[in-house]
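Derivation of every value follows stated rules applied to the coordinates shown; laboratory data play no part. The structure displayed is predicted, hence computed values, not measured ones. Note that we place each Cβ from the backbone using ideal geometry, even for glycine, and neighbour counts take in every protein chain shown.
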């Protein structure tokens, strides 16, 4: 039931884009559950609707098929304009290959702005990359990319450039939509591009239906990735050059071994200081480059040595190196 | 209190790596709350401990500072070996620049395996990238990268190559640990690298403390990114070449405009079919390449035209183009 604050003014509806996470009730956030509970109408792809079946009694349910994403957004707007509270559900996170983008596109096209009576709330959830990673060990740990192999909406050369760039720069990579009955060659091409940069024995994990009844996890290697059992419900995780599988767990180190002696009780390696940039951190690296340049190394030499663009080397060396910031008691803190 | 199933055998402890999400109680998962509630010992960086203060009564709390990540993992193992249930908390997701990787490294170093009585559970949560994105619109939508500007543990040239590759391949990019009192130049270098590939007016959003009391959101552009108010609690989101800011919301389109006419009620553009790969999808692209090659275009011409490696073009054109998969009623479905 929509509340009415004033009997003459109909209550404006609301659209809530709910990321339900991997599809297990325990792994939904409180806010995600609250949003579905308060909704009058719940719209989503039929598989996701089933995942939250216990929350749906008494509500109007609109089941949509996958290629009708624009339809779902349009239905949500129509229901909200009629005064209803609408929960539009996505598995994982609504902002990651989910309904958030298409919904805003449809709303803007319809002339909606944030000043419109219909309000929009996006409720974040753990994306497939996070849920699948949690089931195989700690494969992400460091810099990663997410790439969709679905060329329904994106030209293949764009996808190929992204795969090649991610492999070249040694990111851990999650492949979404890796394969379907119709799209079988894309994963072969992804493997081809990765093998240009990554060892054939690079660990790969394939996770299907994480945290759900039919969960299935397979470990393989890059050179056999395209032969693995990969389906429409799978996420593929490709390790970086440091990732290892040990005791059945896929772990990407964070780089500690560069700085600390893990087997000496965590003592810092000589020349390194805890809480300070590595000697090969930015300032140390710039000092090294300036010294090398002063001794006769050309910009071209340095660009080749560090595999960075020539114009970048030139530009960054042209800027004066500021004095190191004075020691402060402010502790280095990451955002997570 | 640890349960005892058998008065002669001490109950093995347990380590739960809990991703608490952005730091608002509503945005924690049920399992995350359960894990903290069942724990005897809660360990974490002091800021995250404060975020879950309401759940901590009666528990042993171990507050650790940020650079003592290995210490936290060691303390967790010691407590678990003494039979305690330990919750080791990370903001966001434990697998993303969090405690998952360091914990496994310490455990393996100590001789732990999955057969050891001490069990490990990773509880996924929404990472900062998802929470921050939900607060600014729909910036992620499509392929994205996550890059940490912290060179405490990673050499700068590695970070620089990743920034340049991500910008070149037109990913949406989230910068974690963008700046601190000590690390002020890294964001300047990131801007320099991005400007090699991305327009100066590319939208950038800076989100601090998403979903928390001191939340602050700033929109700027790439050419002014390094001058913005960025701190240790900020996440920086850099749009791709299609991202726009409209009505104060940052939205990256999913590519619908390539396929559907948004202003004609979603009719499909001529030559395109809903639920089928774009004509520039992999198979259509390969057909185009083969035709061009047959008409005299060299591999070098094609590599230059599509900005893909020469050896890749050569290899993929050498493989026969399989007949298109027979039409099936199997619907294309994304993992999210």
| query | Which order do B:81, B:38, A:295 fall in if you start with the one that has the fewest other Cβ atoms within 10 Å? | reply | A:295, B:38, B:81
| said: Please compute the modelled spin-label separation between residue A:53 and residue B:305, points set 7 Å along Cα→Cβ, answer in nm with one decimal. | reply: 5.2
| query | Copy-to-copy spacing for residue B:114, label 7 Å out on the Cα-to-C-beta vector, in nm, shortest first? | reply | 4.5
| Descending semi-axes in Å of the protein assembly as shown, equivalent ellipsoid built from Cα gyration tensor | 36, 34, 26
| request: Calculate how many DSSP beta bridges within chain A are antiparallel, expressed in % of all such bridges and rounded to the nearest 5. | output: 45
| query | What are the radius of gyration and Dmax of the range B:164-212, computed over its Cα atoms and given in Å? | reply | 12.0, 35
| Can you pull the mean other chain C-beta count within 10 Å for peptide B:16-27? | 3
| query | Once the Cα atoms of helix B:100-109 and of chain B are each reduced to a long axis, what angle between those two axes, in degrees from 0 to 90 to the nearest 10, is obtained? | reply | 60
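Order by neighbour count: B:232, A:28, B:225, fewest other Cβ atoms within 10 Å first, most last.
Numbers: B:232 19, A:28 27, B:225 23.
Listed from fewest to most nearby Cβ atoms, that is B:232, B:225, A:28.
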| query | Could you give the angle, 0 to 90 degrees to the nearest 10, between helix A:69-81's Cα long axis and the longest principal axis of the Cα atoms of chain A? | reply | 50
| said: If I take R0 = 25 Å and measure r between the Cβ atoms of residue A:229 and residue A:60 in this structure, what FRET efficiency does the formula 1/(1 + (r/R0)^6) give, to the nearest 0.05? | reply: 0.10
| query | What spacing in nm lies between the two simple spin-label points modelled at residue B:116 and residue B:184, each 7 Å away from Cα in the Cβ direction? | reply | 4.3
| Between the range A:137-165 and the range A:47-62, the alpha-carbon center distance in angstrom | 32
| task | Could you please state, rounded to a whole Å, how far the C-alpha centre of the range B:279-314 is from the C-alpha centre of the range A:199-260? | result | 31
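If you stretched the chain out fully between residue A:246 and residue A:315, how much longer would it get, using 0.36 nm times the residue separation minus the C-alpha to C-alpha distance? Mind dumping the intermediate values first?
Values: separation 69, 0.36 × 69 = 24.84 nm, distance 4.26 nm.
Taking residue A:246 through residue A:315 to full extension adds about 20.6 nm, to one decimal.
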| said: Just to be sure I follow: if Rg is taken over the C-alpha atoms of the range B:114-227 and Rh is the Kirkwood radius over the same atoms, what is Rg/Rh? | reply: 1.03
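In the calculated pair distance distribution of the range B:42-123, what percentage of Cα-Cα distances lie above 15 Å?
Values: 1817 of 3321 pairs.
When every Cα pair of the range B:42-123 is considered, 55 percent fall beyond 15 Å.
To the nearest whole percent, what portion of all C-alpha pairs in the range A:81-168 is separated by more than 23 angstrom?
Working: 1667 of 3828 pairs.
Percent of Cα pairs beyond 23 Å in the range A:81-168: 44.
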| request: Once you have all Cα-Cα distances for chain B, histogram them in 20 Å bins from zero and send the whole-percent values. | output: 25, 46, 27, 3, 0
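Using only DSSP helix segments of four residues or longer, with each worth -39500 (n - 2.57), what per-residue ellipticity at 222 nm results for chain B after dividing by its residue count and rounding to 500?
Details: 10 runs with 99 residues, N = 336.
Counting only the DSSP helices, I get -8500 deg cm²/dmol.
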| Sorted from shortest, what are the nm distances separating the label point of residue B:300 from equivalent points in the other copies, each placed 7 Å from Cα along Cα to C-beta? | 1.9
| query | From the label point of residue B:217, set 7 Å from Cα along Cα→Cβ, how far away are the matching label points in the other copies, in nm, ordered shortest to longest? | reply | 3.6
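Looking at the protein assembly as shown, send over the antiparallel percent of its DSSP beta bridges, to the nearest 5.
Bridges in the protein assembly as shown that DSSP calls antiparallel: roughly 45 percent.
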| request: In nm, give the distance between the simple-model label positions of residue A:297 and residue A:82, each being 7 Å from the Cα along the Cα-to-Cβ direction. | output: 6.8
| query | Where Rh is the Kirkwood radius over the Cα pairs of the range A:1-145, the temperature 25 °C and the viscosity 0.890 mPa s, what D in µm²/s does Stokes-Einstein return? | reply | 156
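What does the extension gain come out to for residue B:11 and residue B:322, with contour length at 0.36 nm per residue minus their alpha carbon separation? Write out the running numbers ahead of the final one.
Details: separation 311, 0.36 × 311 = 111.96 nm, distance 5.80 nm.
Roughly 106.2 nm would be gained on extension.
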